[in-house]
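Structure first, commentary second.
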Amino acid sequence: MPWEKTFDVEKAIENAMLLFWHQGYTDSSMAAILSATKLTKGSFYNAFGSKQNLFIQALKKYGQGRRERIQHLIEQDSPKQAIEDFFHGLVAETVQDHHKKGCFMINTLLNLESYEQEIQRVVKTGIANSETFFKQMIELGQMRGEIATTLRADELACFFVGTMVSIRVLGRGFYDKTALQLIANQALLRLQ
């Protein structure tokens, strides 16, 4: 008789994502993973195969949530406003993170070379999605006359990714809301 899942796979991935996000990949022991996912060892290996595969699925789930937020911003009528809302939302999310855990994707990015290629690929894709969002919004804003055409969209998009990373990393306890908002506001001045 084939093995059947008797648990919610998505919920298990979500619980594992929260564990990895708080403790990191290396510090998340199998015992902690089994406890967080509420799985037996046999069910875990049948469903996910390995800790690494579960981590990849957790990163993908996190990335999907980010893509959904970006899609909501894209659907706004103003590309410039979408970028502004992105950064204001990023600062608010960072400040409201009382556990100072930062961004799951960016935390993984900070130690990228220590991970297997598939994990690296997922993280690079996640960061590239943010850069693509910025570039598309800048180009559309330029076409509509909202954003200066003297700017190169690809260069500014790259700069905005760097700003995004710095806000999330510095927001883990080094900078307060005022400083983080200052970083965002200085970046947004480049849209003038």
Quiz item: Given labels modelled 7 Å from the Cα in the Cβ direction, how far is it in nm from Asp8 to Phe174?
Solution: 3.8 nm
Exercise. Provide Thr150, Thr37 in ascending order of the number of other Cβ atoms located within 10 Å of each residue's Cβ, fewest first.
Key: Thr150, Thr37
Quiz item: Which value in nm describes the separation of the simple spin-label points at Asn53 and Gln120, placed 7 Å from the Cα toward the beta carbon?
Solution: 2.2 nm
Exercise. Compute the FRET efficiency between Ile74 and Lys101 as 1/(1 + (r/R0)^6), taking r as their Cβ-Cβ distance and R0 = 22 Å, and round to the nearest 0.05.
Key: 0.25
Quiz item: Once amide H atoms are placed 1.01 Å from N in the peptide plane, what residues at a sequence separation of 5 or more from Ile147, or on another chain, have their amide H within under 5 Å of its amide H?
Solution: Gln142
Quiz item: So, in Å, what gap is there between the alpha-carbon centers of the stretch 76-136 and the stretch 12-34?
Solution: 20 Å
Practice problem: Before rounding to the nearest 500, sum -39500 (n - 2.57) across all DSSP H runs of length at least 4 in the chain and divide by the residue total; then give [θ] at 222 nm in deg cm²/dmol. | Solution: -23500 deg cm²/dmol
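The stretch 91-154: which GluC sites (Glu not before Pro) are DSSP loop and have at most 11 other beta-carbon atoms within 10 angstrom? Mind showing how you got there, number by number?
Details: sites: Glu93, Glu113, Glu116, Glu118, Glu131, Glu139, Glu146; in loops: Glu116, Glu146.
Within the stretch 91-154, the qualifying GluC sites (Glu not before Pro) (loop, at most 11 other Cβ atoms within 10 Å) are Glu116.
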Quiz item: Using alpha-carbon pairs under 8 Å, 6+ residues apart, how would you state the relative contact order of the chain in percent?
Solution: 22 percent
Exercise. Any chance you could give the angle, 0 to 90 degrees and rounded to 10, that helix 9-23 forms with the longest Cα principal axis of the chain?
Key: 70 degrees
Self-check item: Exposure proxy ranking, count of Cβ atoms within 10 Å, fewest first, for Arg172, Arg152
Solution: Arg152, Arg172
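Give the order of Cys103, Cys158 when sorted by the count of other beta carbons within 10 angstrom, beginning with the fewest.
In increasing order of surrounding Cβ atoms, one gets Cys158, Cys103.
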Quiz item: Calculated FRET efficiency, Arg144 and Leu18, Cβ-Cβ r, R0 30 Å, to nearest 0.05?
Solution: 0.15
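Every read-out reported here was derived from the displayed coordinates using simple, explicitly stated rules and does not represent laboratory data. These numbers come from a predicted model, not from an experiment. Backbone-built Cβ (ideal geometry, glycine too); neighbour counts: all protein chains shown.
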